[in-house]
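Every read-out reported here was derived from the displayed coordinates using simple, explicitly stated rules and does not represent laboratory data. These figures come from a predicted structure and were not determined experimentally. We place every Cβ from the backbone using ideal geometry, glycine too, and count neighbours over all the protein chains shown.
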Amino acid sequence: MPKIVDHEQRRRELADALWRIVAAEGPAGVSIRSVAAEAGWSPGALRHYFPTREELLLFAMDLSEAQAVERISGLNALLDPDLPLLERVAVHAEQLLPLDDVRRAEYRAWESAGVLKEHDRDRDRRWQQQRGLYRRLVSALTGADVGDPERPHDDPWVEEWSSHLHTIVDGLALQLMITPGMTDAEDCRHRLRAFLARVVEAAGHRVGENGRNIT
């Protein structure tokens, strides 16, 4: 009788092995041979699921994206409804900061983007998905209409500050990973909240005494 193979279970085993290597070594440690050894498979068996190293790295990025999206999507149900708006926005934004082991591994998976280049056909979509999060956060913080977060905001001011927030989070993440001795998680949390307070302040300056935008 032929052996029945649970392909979904085997992919989960591969995902776990791949994730351990990414967390420990980043994209540089990922290869057909290293992941197969970590999973206890032969390289030939692994190639049945992922024929190339590039496909393994894409899978790592997909895992990272899925985890982050699931975590962010579930935040509203977990947060105290009385939490101040600025703090609520900050908690959402910092899900993309490498503040713990899970998020550091996710960041290392995202480092694959520099290796994959033309192999990552979802690169632009991934970027727009992140920018969409920042558009939603800036809109929530300033009371602007969200519109379609996957497209540039109709209000250039919201689009500009969404770009700034995107840059701030990316910059803080890079500092945490590259120069951890110069900053730490608490400092990054503080700087993120200070920036969000500036967004609120800038939004207030847009409105004159008659309630109309003055910019």
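Assorted remarks:
- Cα gyration tensor shape for the stretch 101-215, rounded if a/c is under 1.5, else prolate or oblate: oblate
- Relative contact order for the stretch 122-215, counting Cα pairs under 8 Å that sit 6 or more residues apart, in percent: 22 percent
- Taking Cα centre as origin and charging only the Cβ of basic (Lys, Arg, +1) and acidic (Asp, Glu, -1) residues, the dipole magnitude of the chain rounds to 460 debye.
- Relative to the Cα centre, the charge distribution of the stretch 89-206, modelled as +1 at Lys and Arg Cβ and -1 at Asp and Glu Cβ, gives a dipole magnitude of about 40 debye.
- Options Val35, Gly147, Gly114, ranked by Cα towards positive dipole end of the chain, top entry (Cβ charges): Val35
- Relative contact order %, the stretch 1-86, counting alpha carbon pairs below 8 Å whose residues are six or more apart: 24 percent
- Relative contact order for the chain, counting Cα pairs under 8 Å that sit 6 or more residues apart, in percent: 18 percent
- The chain, Cα convex hull volume normalised per residue, Å³: 153 Å³
- Prolate/oblate/rounded call for the stretch 87-149, Cα gyration tensor, a/c under 1.5 rounded: oblate
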